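Just below is one structure, and these are the notes that go with it.
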Amino acid sequence: MKKIAVLVSGGGTNLQAILDAQKAGVIKSGKVTCVISSSKNAYALERAKNADVPAVAMTRADYGDGLCDAICDYLIEQKIDYIVLAGFLVILKGKILKEFENRIINIHPSLIPSFCGDGFYGLKVHEAALSYGVKVTGATVHFVNEITDGGKIIMQQAVEVRDGDTPEVLQKRVMEEAEWKILPLAIEKVCSK
Ligand code: GAR
């Protein structure tokens with residue numbers, strides 16, 4: 001059984017999808033043993049607590065430029081096998097990328113290589129897709145390397161864009177039809193290897 005750490009910054013609906021998939025047996029080769037939030041008041045911390053998963057906040061305010069290294073040290077100490085970025089808004093840099101090479105996965109709310117890279121996160125991704133006028137968008141799960149959203153793709157799911165979509169409406173559809181499904185599947189795929 002692989003030990004998984006989930007890193008979050010906000011609402012944590014993807015964390016919830018992972019915890020639910022674990023309960024349902026969709027994820028069976030790994031177990032979430034630790035949640036780290038980059039924000040002290042992220043609702044994701046409540047979700048972890050409700051599922052009895054140990055959770056800590058590690059913030060820029062507390063660690064400054066040493067944040068990524070501190071997270072790395074903590075995850076080594078916790079003997080974590082895989083790191084899942086589920087709406088984690090800190091770009092990982094430095095030794096953690098080497099230490100956990102091919103063991104960090106991220107969910108991004110578009111079909112990479114569209115609408116990704118530095119500055120594309122959360123609603124901004126959907127705003128960009130709508131303003132470009134694409135008719136299909138989706139979500140991508142990929143490995144994390146030193147290039148933002150540039151690591152090898154593990155899984156993708158397309159979602160249609162509909163007339164009259166707002167960024168919020170599109171975000172919800174992408175989460176429901178793509179993110180919450182492929183993230184657990186990709187985690188199981190990686191952990192079962
Ligand atoms: C999700 O849509 C996730 O794909 C996105 O942030 C949201 C977090 O929601 N991540 C990125 O944009 C990363 N570049 P959640 O906290 O409810 O899971």
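Remarks
- Only helical runs count toward this figure. For the chain, summing -39,500 (n - 2.57) over DSSP H runs of n ≥ 4 and dividing by all residues gives -10000 deg cm²/dmol at 222 nm.
- Taken along the Cα-to-beta-carbon direction at a fixed 7 Å, the label points for residue 98 and residue 74 span 2.2 nm.
- Three-way shape call for the range 34-94 based on the alpha-carbon gyration tensor, with the a/c threshold at 1.5: oblate
- Residues of the range 111-144 with amide N under 13 Å of a point placed 7 Å along Cα→Cβ from residue 91: 116-121
- Placed amide H near residue 155: partners under 5 Å, 5+ positions off or other chain: 141
- Sites residue 3 and residue 163, calculated FRET efficiency, Cβ-Cβ separation with R0 45 Å, nearest 0.05: 0.50
- Accessible surface computed residue by residue for the chain, with neighbouring protein chains in place and a 1.4 Å probe, gives 49 Å² per residue.
- Of all accessible heavy-atom area on the chain, the percent that carbon and sulfur account for (1.4 Å): 52 percent
The values are calculated or read from the model by the stated rules, or taken from the named source; none is laboratory data. Here the structure is a predicted model, which is why all the values come from computation and not from measurement. Neighbour counts run over all protein chains shown; Cβ positions are idealised from the backbone, glycine included. Heads up: the accessible areas ignore ligands, DNA and RNA and are worked out on the full protein's heavy atoms, side chains in. Shrake-Rupley method; radii C 1.70, N 1.55, O 1.52, S 1.80 Å.
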